[in-house]
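Peer 1: This is the structure I have questions about; it appears just below.
The values are calculated or read from the model by the stated rules, or taken from the named source; none is laboratory data. Keep in mind that what you see is a predicted model, and the values were worked out from it rather than measured. Cβ sites come from the backbone with ideal geometry, for glycine too, and all protein chains shown count toward neighbours.
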Amino acid sequence: MSILDRESTVAPPGFNRWLIPPAALAVHLSIGQVYAFSVFKLPLAKVLGVGPSEQASLAWIFSIAIAFLGISAAVFGKWVEKSGPRKTMLAAACCFGGGFLVSALGVGLHQLWILYLGYGVLGGCGLGLGYISPVSTLVKWFPDRPGMATGMAIMGFGGGALIGSNLSLTLMDAFKSSSDPGVAPAFIAMGAIYFVFILFGAWIVRVPAADWKPAGYTPSTTPQKLVTTANVALDQAWRTPQFWLLWVVLCFNVTAGIGILAQASPMIQEMFPAGGVHKGVTAAAAGGFVALLSLFNMAGRFLWSSLSDYTGRKAVYVIYLLLGAVLYCLIPLAAHSGSATLFVAICVILLSMYGGGFATIPAYLKDLFGTMQVGAIHGRLLTAWSMAGILGPVLVNELRDRLHASGVTGVSLYAPTMYLMAGLLIIGLICNLLVRPVDERYHCHGDPSRPVGPDDDIPHHPRPAHA
């Protein structure tokens with residue numbers, strides 16, 4: 001199985017680095033299906049006998065998957081750097097595709113805990129491994145445009161729901177019967193399809209040689225604020241205040257956006273119910289809303305992160321967090337006005353910045369900590385996503401269920417949560433403004449071009465505080 005080793009994927013001289021984005025997209029477009037999970041919530045509720053007041057139990061499937069995304073990325077981050085992208089992508093294909101098959105078994109047996117294990121735990125591990133490997137690889141192939149590079153990879157994750165929502169609805173429609181919405185066979189088909197697509201990415205991916213540089217590229221020797229020419233090892237990076245400030249920024253930015261994504265389809269239907277002169281939002285239209293959110297989530301990942309190459313990462317995060325807080329406060333007003341168009345417009349802008357935050361964070365880490373172990377550092381930071389994956393849906397669903405139980409309907413089911421999300425973004429904004437360059441005492445003197453494995457000892461030479 002040496003074909004899976006990192007050494008077997010080193011690109012030969014003259015290799016075209018633009019062949020790497022398709023490999024990254026093949027993986028991220030597949031695992032990005034997790035963002036379309038909300039289209040399964042109502043069919044699963046029917047199959048499993050979950051009542052309207054118990055939807056939070058289904059939301060835990062999504063939350064567990066996102067939690068294990070961050071956990072697996074943090075635990076296996078060094079292994080990913082050492083083993084290379086091909087072996088990692090194969091592992092991701094097995095876990096993510098296998099998660100669908102286990103989930104289909106859970107649906108067939110009417111056992112919710114099996115869905116937690118399949119889609120949540122096993123599928124979540126596939127998400128984590130599949131997420132960080134292409135990002136780390138692209139950063140090394142595009143040192144001249146790290147924001148654009150990470151945007152290309154993570155754009156696919158945002159766009160995965162655009163494909164996943166339509167694929168899910170199409171498969172369920174093909175397999176459904178009068179007594180069965182077709183969830184189990186749809187899961188089986190999707191597991192097989194995504195397994196093949198991720199394997200395609202694993203087959204074509206390559207890593208650059210240790211001494212490779214883009215044609216005509218000369219690293220800048222001019223000092224830039226928040227952009228280091230040094231490297232910080234993982235074991236030192238997570239001890240810096242900068243790491244934890246960005247952890248809070250990512251956690252709260254994701255908490256806000258993921259709360260909408262996890263409940264997108266039911267939320268728009270409940271905020272705009274049929275009655276009076278209003279026709280309401282149908283299930284089909286809600287599915288279109290999920291797809292539209294995915295489209296802007298995807299576009300924002302590329303456009304905002306590419307913009308950050310010119311504005312700097314800190315400045316673009318100010319936009320995400322400040323403008324985002326204002327827009328969350330406007331969501332209830334838009335819904336009360338009865339304008340579904342205004343509501344959708346606000347949500348798509350929010351989701352573009354939510355996606356942009358994901359795509360910009362690896363470049364932000366590269367600026368602060370260097371390229372040596374940026375994939376492993378990124379993996380460790382994604383524990384913030386794990387926390388947000390639980391916090392966001394729980395805030396939306398638990399508050400909704402409590403308000404629903406007390407007789408509240410429509411916009412008021414979600415308005416308190418939207419104001420809470422705006423507050424979290426303001427906290428994230430403060431943390432972002434506090435980010436400063438990493439102190440030199442955390443720098444190390446290892447070879448930045450060599451992949452570092454979990455057993456490697458990084459030479460580290462602390463400097464006096466006055467240096």
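Peer 1: Which residue, of ALA192, ALA202, ALA186, is more than 24 Å from ASN297 (Cα to Cα), in contact with a Pro (Cβ under 8 Å, 6 or more places away or on another chain) and either buried (at least 19 other Cβ atoms within 10 Å of the Cβ) or in contact (Cβ under 8 Å) with a residue 60 or more places away in the chain (or both)? Walk me through it before giving the result.
Peer 2: Details: ALA192 fails: in contact with a Pro (Cβ under 8 Å, 6 or more places away or on another chain); ALA186 fails: in contact with a Pro (Cβ under 8 Å, 6 or more places away or on another chain).
Answer to the check: ALA202.
Peer 1: Mind counting the residues in the stretch 91-117 that are of a type outside the set (A, V, I, L, M, F, W, C) and closer than 17 Å to ALA45 by Cα? Break it down into steps so the answer makes sense when it comes.
Peer 2: So the first thing to find is which residues in the stretch 91-117 are of a type outside the set (A, V, I, L, M, F, W, C), and the list is 97-99, 103, 106, 108, 110-111, 116.
Cutting the leftovers down to closer than 17 Å to ALA45 by Cα gives us 103, 106, 108, 110-111, 116.
Here the count works out to 6.
Peer 1: Sticking with this structure for a sec: Would you mention how many residues in the stretch 295-341 are among the polar types (S, T, N, Q) and under 14 Å from ALA422 (Cβ atoms)? Spell out how you get there, then give the answer.
Peer 2: Step one: of the stretch 295-341, the residues among the polar types (S, T, N, Q) are 297, 305-306, 308, 311, 337, 339, 341.
Then keep just the ones that are under 14 Å from ALA422 (Cβ atoms); that gives none.
Counting residues in the stretch 295-341 that are among the polar types (S, T, N, Q) and under 14 Å from ALA422 (Cβ atoms) gives 0.
Peer 1: Go through ALA384, ALA467 for me and flag whichever is at pLDDT 80 or above and either in a helix (DSSP H, G or I) or touching a helix residue (DSSP H, G or I) at 6+ places or on another chain (Cβ under 7 Å) (or both).
Peer 2: Values: ALA467 fails: at pLDDT 80 or above.
Step by step, each of ALA384, ALA467 is checked, and only ALA384 is at pLDDT 80 or above and either in a helix (DSSP H, G or I) or touching a helix residue (DSSP H, G or I) at 6+ places or on another chain (Cβ under 7 Å) (or both).
Peer 1: How many of the residues making up the stretch 337-353 are at pLDDT 90 or above and not hydrophobic (A, V, I, L, M, F, W, C)?
Peer 2: Residues flagged as at pLDDT 90 or above and not hydrophobic (A, V, I, L, M, F, W, C) within the stretch 337-353 amount to 1.
Peer 1: Residues that are at pLDDT 95 or above, at least 3 per element: which helices (runs of 4 or more DSSP H) completely within the stretch 183-295 meet that? Lay out the reasoning, then the answer.
Peer 2: Numbers: elements: 183-204, 234-237, 241-262, 264-271.
Hits in the stretch 183-295: 183-204, 241-262.
Peer 1: While we're on this one: Of (1) out of contact with any strand residue (DSSP E or B) (no Cβ under 9 Å at 6 or more places or on another chain); (2) not in a helix (DSSP H, G or I), GLY356 satisfies all except one. Which?
Peer 2: Just one mismatch for GLY356, condition (2).
Peer 1: For the stretch 383-437, enumerate the residues that are over 24 Å from LEU250 (Cβ atoms) and among the small types (Gly, Ala, Ser).
Peer 2: Once the filter is applied, which keeps residues that are over 24 Å from LEU250 (Cβ atoms) and among the small types (Gly, Ala, Ser), the stretch 383-437 yields ALA405, SER406, GLY407, GLY410, SER412, ALA415.
Peer 1: Sticking with this structure for a sec: So how many residues does the stretch 99-115 have that are without any contact (Cβ under 8 Å) to a residue 40 or more places away in the chain and buried (at least 18 other Cβ atoms within 10 Å of the Cβ)?
Peer 2: The total comes to 3.
Peer 1: Moving on to the next point. Assuming VAL50 fulfils every condition listed in (1) closer than 27 Å to ALA376 by Cα; (2) not in a helix (DSSP H, G or I) apart from one, which condition is it?
Peer 2: Tallying (1) closer than 27 Å to ALA376 by Cα; (2) not in a helix (DSSP H, G or I), VAL50 fails exactly one: (1).
Peer 1: Within the stretch 81-95, is there a residue that is within 22 Å of the chain's Cα centre (by Cα) and at positive phi?
Peer 2: yes
Peer 1: Looking at ARG436, is it modelled with pLDDT under 80, within 18 Å of THR228 (Cβ to Cβ) and out of contact with any Gly (no Cβ under 9 Å at 6 or more places or on another chain)? Give the derivation first.
Peer 2: Working: modelled with pLDDT under 80: no; within 18 Å of THR228 (Cβ to Cβ): yes; out of contact with any Gly (no Cβ under 9 Å at 6 or more places or on another chain): yes.
No, not satisfied.
Peer 1: Suppose the filter is part of a loop (DSSP other than H, G, I, E, B) and either surrounded by fewer than 24 Cβ atoms within 10 Å (Cβ to Cβ) or modelled with pLDDT of 85 or more (or both); does PRO143 pass it?
Peer 2: Numbers: part of a loop (DSSP other than H, G, I, E, B): yes; either surrounded by fewer than 24 Cβ atoms within 10 Å (Cβ to Cβ) or modelled with pLDDT of 85 or more (or both): yes.
The answer is yes for PRO143.
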